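*Asks:* My questions will all concern the structure given below.
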Amino acid sequence: MKQFLHVSDIGDLGKALEEAKQVKATPFAWQNLGKNKTIILIFFNNSLRTRLSSQKAALNLGMNPIVLNINGDSWKLETQLGVVMDGDKSEHLREAIPVIGSYCDIIGVRSFAGLKDKDFDYNETILNQFIEYSGRPVISLESGTVHPCQAFADLLTIEEHKKTKRPKVVMTWAPHPKALPQAVPNSFAEWMNAADVDFVITQPEGYELDPRFVGNAKVEYDQIKALEGADFVYAKNWSSVSHYGQVLNVDRSWTVGAKQMAVTNNAFFMHCLPVRRNMIVADEVIDSPQSLVIPEAANRVVSAQVVMKRMLESL
Ligand code: AN0
Ligand code: CP
């Protein structure tokens, strides 16, 4: 595996889930695979789970992880091509990327959508430069449009908790005071469309996701109607795509509370975290036994480890 952005990069989903179960049961069985191998994890943005779970996954495989925070620890990097570098950026990605590549075997990159220039974000301008110029396999740790390690962990969590063969999974938009990227809902939609689930997306008018990610999912604008009979409720905020990067409203009637959960099939609650309590989800829901947010976050080690294992196997 040379890159990990899309569900298609993992191949057969059934096989990937089987492998995930094996990795979870025996995390240290591939300690020799990563011996003397190095992964560099580049963070342009904050992280708790991705930063720690990626390092843990690498250590489980016997690899050496090195973490670099751009902006904090390194030179500020220019990401646009063809610009006169007379501002605050001291180095261009064009040099930084091959340098990073020369120090490691695999690269992971977190570079959130800037939410200002849709083409720049949706062309995966930063991640694609890493793919092109590093000469190394590259993992998106949430980039311009996708967060595949999260979606893979989410699918594994659903697989582990589902009570019917084809559960109903509802992704609902929820309010948030600041503009957030579409990467998490984009990837979740992409992975749910590829999985054997009944998948519904619900959001207020103006928050429609890019059709390339919505695919064949059912879209229902009435949140309560969408949630009827749901087995899994996946909450997430995202900013508008059509009014790119804007917060159109913070309508708290969309906060996932007891009223929303009451119409479901005693659904499990999921969120990728970090989550703002009583904006996205009411305390009574996230604190209930139906909340999967902690096992979901724990599965981030497993998804990252499967991806790194596959990359090591194809070096
Ligand atoms: C980020 C987002 O919504 O993309 C990261 C989530 C994994 N969330 C925040 O910035 C709060
Ligand atoms: N879910 C997730 O990616 O969390 P972090 O932003 O803390 O890495």
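*Asks:* Using a 1.4 Å probe on the protein chains only, how many percent of the accessible area of the chain belongs to carbon and sulfur?
*Replies:* Details: 6780 of 13290 Å².
It is 51 percent, rounded to a whole number.
*Asks:* Could I ask something else about it? Please give the calculated 222 nm ellipticity per residue for the chain, where each DSSP H segment of at least 4 residues contributes -39500 (n - 2.57) and the sum is spread over every residue; nearest 500 deg cm²/dmol?
*Replies:* Calculated mean residue ellipticity at 222 nm is -10500 deg cm²/dmol.
*Asks:* Set the Förster distance to 30 Å, then compute FRET efficiency between Tyr103 and Arg277 from the Cβ-Cβ distance, nearest 0.05. Working shown, then result.
*Replies:* On the way: r = 40 Å, r/R0 = 1.34.
With a Förster radius of 30 Å, E is 0.15.
*Asks:* Follow-up. If you line up the long axis of helix 13-25 against the longest principal axis of the chain, both from Cα atoms, how many degrees apart are they, to the nearest 10?
*Replies:* 80 degrees
*Asks:* Can you pull the one-decimal nm distance between simple spin-label points at Val219 and Asp88, each 7 Å off the Cα toward Cβ?
*Replies:* 3.7 nm
*Asks:* So for the chain, averaging the separation of alpha carbon pairs under 8 Å that are six or more residues apart and normalising by length, what relative contact order in percent results?
*Replies:* About 20 percent, as a whole number.
*Asks:* The stretch 225-240 to the stretch 205-221: how many Å between their Cα centroids?
*Replies:* 12 Å
*Asks:* Same structure again: Assuming R0 = 25 Å, can you tell me the calculated FRET efficiency for the pair Leu248 and Asn123, based on Cβ-Cβ distance, to the nearest 0.05?
*Replies:* Plugging the Cβ-Cβ distance into 1/(1 + (r/R0)^6) gives 0.55.
*Asks:* What accessible area per residue comes out for the chain, rounded to a whole number of Å², with a 1.4 Å probe?
*Replies:* 42 Å²
*Asks:* Give me the distance between the Cα centres of the stretch 63-88 and the stretch 293-315, rounded to whole Å.
*Replies:* When both Cα centres are located, 26 Å separates them.
*Asks:* Full extension from Ser288 to Asn69: what is 0.36 nm times the residue separation minus their Cα-Cα distance, to one decimal in nm?
*Replies:* Gain on extension, Ser288 to Asn69, equals 75.3 nm.
The values are calculated or read from the model by the stated rules, or taken from the named source; none is laboratory data. Bear in mind that the values here come from a model prediction, so they are computed numbers and not experimental data. Neighbour counts are summed over all protein chains in view; Cβ atoms, including those assigned to glycine, are modelled from backbone coordinates with ideal geometry. Quick note on the areas: whole protein, heavy atoms, side chains included, nothing else; ligands and nucleic acids left out. Shrake-Rupley method; radii C 1.70, N 1.55, O 1.52, S 1.80 Å.
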